[in-house]
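Before any comments, here is the structure.
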C-alpha cells in the first residue's frame, strides 16, 4: 500500500514535468501504480479504527477476582450486567496485556461467582 506522502510526491513530480516512468524509477514503485494514482483509480488509505473497544481496567479486574479467574464468566457478566459487548478473544487479550491474571499480584480470589 502506498502511503499518502508517496502519493503526494507522485502528483508533485508529475506536475513538475517528470515522466511516469521516471517517477516510478525514482520512488521505486511500479509504473502501473503511478498510472493508477495519477488517474485517481487508487483507493484512499484506510482510516484508523474508530470502533475500538475501551474497557475499564478496574471493572475487569474486579470481575476477574470475583469470578476466580474464569474469563468466560467475566465475559458473561460484562455482556449481561454491564451491557459491554466485547469479543471473548478481545477480553482475553486485554486481560493478558493489563496483567490481570492468576500470576498477577492483583489477584486475590474470593469465590462468589
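Throughout, read-outs are computed from the coordinates displayed, never taken from laboratory work. Predicted model only: the values in this text are computed from it and were never measured. A quick note on method: Cβ atoms are made from the backbone with ideal geometry, for glycine too, and the neighbour counts reach across all protein chains shown.
Each residue in 23, 95 was given a count of other beta-carbon atoms within 10 angstrom of its own, and listing them fewest first yields 95, 23.
Between residue 5 and residue 54, 0.36 nm times their residue separation minus their Cα-Cα distance comes to what?
Here the segment from residue 5 to residue 54 would lengthen by 14.6 nm.
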